[in-house]
Amino acid sequence: MTNQPGTTVDPQPGPDVPEVMRAAVLFGPGDIRVTDRPVPRPGPDEVLVKVAMCGTCGTDLKILDGHFPLTPPFGEFTPGHEWTGAVAAAGARVDEFAPGDRVCIEAHRGCGRCDNCLAGRYTACLNYGDRAKGHRATGMTADGGFAEYAVHHVGSLYALPPPLSYEDGVLITTAGTGLYGLDVAGGFIAGLDVAVFGPGPVGLTTVQVCKALGARQVILAGTRPSRLALGRRLGADQVINVRETDPVRAILGLTGGLGADLTIECSGGPDAPQQCAGATRRGGKMVVVAFYPGPVTFDLSAVVRKDISIHTSRGEGGNNVKRAVALATQGKLRGAEMVTHRFPLEDIATAFRVVRERDGDPVKVVVVP
Ligand SMILES: [Zn+2]
Ligand SMILES: [Zn+2]
């Protein structure tokens, strides 16, 4: 592989890269099928990755149902935004990676030219969805990882160090979401009482990073006992089953009646923002990183009366996937333990049925091309 900086000639893929691949394509709401597609060719600043596995998440269900803005047209769009794999070919201006390198990703690539990108806020790119201007969000506004191969901008790829598995790599992307939320809310949480709502993959990775960043105690609230038990194993100091216990009262009880310094809403449950507000102490912070099934009703006056700051963030911006790789490499972020189900690509429709129906109590379901 020759890489000559400054040239714009697309690379010839290696001899082991085929012309055609199997890829899942969304043909209509709820209609995802695996079909033959041309293997994409990386542009000069892009990398072609042989996908090892791709995680499914709640956002994929919205994409599948056709309820996600700016997705490419039905019949030509491959979703999947939590993928990992090995470099198959590097673009002409790429010298950061070489074929065979194991990589994980962040999903968003900003345009690099708008005000927000210039300020480093590329998940809030003002050219969101505009491929011609260089923005791409893999599996959301551009083809993603439910396929044998995917292309990605070199700036959104991270080396996956040897001790980490591809399962870990999938959850590193997920962990970037909670880390970015903390980043946006100020970042410094050593000594604080933190409550995390929602023991899904985002919540479970957020629990671990809060512990790693020195929180005084991390309280995890959710509905499913198996996930709460996993949260315990992954480092939560306290867990609250909100079906059995009022989480606001429980969190006040665990924080000397004050409430948590920081609450992080990862559940997407319509009642959770109100519960977070109730469980946050005066002058504390709320971070919302979830998506909701519809508009949420919320007593904002109570938030104002308590002087609570609300922060939101989308995805895994701020270079936080790099931080997630570092924490995982140090053993402070365990991803593979969250992977409960694996399906071959050809069975992707079954994989999504399992995710939607929560059949077999899945945490992270991955698809293996
Ligand atoms: Zn996701
Ligand atoms: Zn931009």
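Listed values, structure above:
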{"read-out": "Only Lys, Arg (+1) and Asp, Glu (-1) charged, at Cβ; the chain dipole about Cα centre in debye", "value": "940"}
{"read-out": "Estimated FRET transfer efficiency (Arg113, Arg282; beta-carbon r; R0 45 Å; 0.05)", "value": "0.60"}
{"read-out": "Solvent-accessible area per residue for segment 39-182 (1.4 angstrom probe, square angstrom)", "value": "32"}
{"read-out": "Distance histogram in 10 Å bins (all Cα pairs of segment 76-232, percent per bin)", "value": "10, 32, 35, 20, 4, 0"}
{"read-out": "Prolate/oblate/rounded call for segment 204-315, Cα gyration tensor, a/c under 1.5 rounded", "value": "rounded"}
{"read-out": "Efficiency of FRET from Cβ geometry, Asp95 and Phe74, R₀ 35 Å, rounded to 0.05", "value": "0.40"}
{"read-out": "Dipole of the chain, positive direction: furthest Cα of Thr177, Ala52, Val304, with charges on the beta-carbon", "value": "Val304"}
{"read-out": "Cα lying deepest toward the dipole's positive end in the chain, options Val321, His81, Ala195, charges on Cβ", "value": "Ala195"}
{"read-out": "Span from the segment 145-178 Cα centroid across to the segment 294-312 one, whole angstrom", "value": "34"}
{"read-out": "Candidate lysines - alpha carbon under 21 Å from Lys285, same-chain residues fewer than 8 apart omitted", "value": "Lys211, Lys306"}
{"read-out": "Rounded percent of accessible protein surface that carbon and sulfur make up, the chain, 1.4 Å probe", "value": "52"}
{"read-out": "As computed over segment 323-369, the Cα convex hull volume per residue (Å³)", "value": "82"}
{"read-out": "Scaled radius of gyration (Cα, divided by 2.2 N^0.38 Å) that segment 59-100 gives", "value": "1.63"}
{"read-out": "Crossing angle, helix 166-184 versus the chain [Cα axis fit, 0-90 degrees, rounded to tens]", "value": "50"}
{"read-out": "Hits among aspartates and glutamates - C-alpha to C-alpha of Lys133 under 18 Å, sequence gap 8 or more where chains match", "value": "Asp45, Glu46, Asp115, Asp143"}
{"read-out": "Stretchable slack from Ala326 to Thr312, in nm (0.36 nm times residue separation minus alpha-carbon distance)", "value": "2.7 nm"}
{"read-out": "Distance (nanometres) between label positions extended 7 Å along Cα→Cβ at Thr340 and Ala302", "value": "3.0"}
{"read-out": "In nm, spacing of pseudo-spin labels at Glu244 and Asp36 (7 Å Cα→C-beta vector)", "value": "5.5"}
{"read-out": "For segment 189-314, size of Cβ-based charge dipole, Lys and Arg +1, Asp and Glu -1, in debye", "value": "220"}
{"read-out": "Taking segment 216-304 and dividing mean pair separation by its residue count, relative contact order in percent (alpha carbons under 8 Å, at least six apart)", "value": "22"}
{"read-out": "Inverse of mean 1/r across different Cα pairs in segment 119-185, Kirkwood, Å", "value": "13.8"}
{"read-out": "Where only alpha carbons of segment 151-271 are counted, the Rg and the Dmax (Å)", "value": "15.1, 51"}
{"read-out": "Residues Asp361 and Asp16, FRET efficiency given R0 of 35 Å [Cβ-Cβ distance, rounded to 0.05]", "value": "0.35"}
{"read-out": "Two-decimal log10 I(q)/I(0) for the chain, as the Debye equation yields it once each C-alpha is a single scatterer, q = 0.06, 0.11 Å⁻¹", "value": "-0.22, -0.73"}
{"read-out": "Anisotropy class of segment 25-164 from Cα gyration tensor, a/c 1.5 cut", "value": "oblate"}
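The values are calculated or read from the model by the stated rules, or taken from the named source; none is laboratory data. Given the structure is predicted, the values throughout are model-derived calculations rather than measurements. Note that we place each Cβ from the backbone using ideal geometry, even for glycine, and neighbour counts take in every protein chain shown. Note: areas computed on protein heavy atoms with side chains; ligands, DNA, RNA excluded. Shrake-Rupley method; radii C 1.70, N 1.55, O 1.52, S 1.80 Å.
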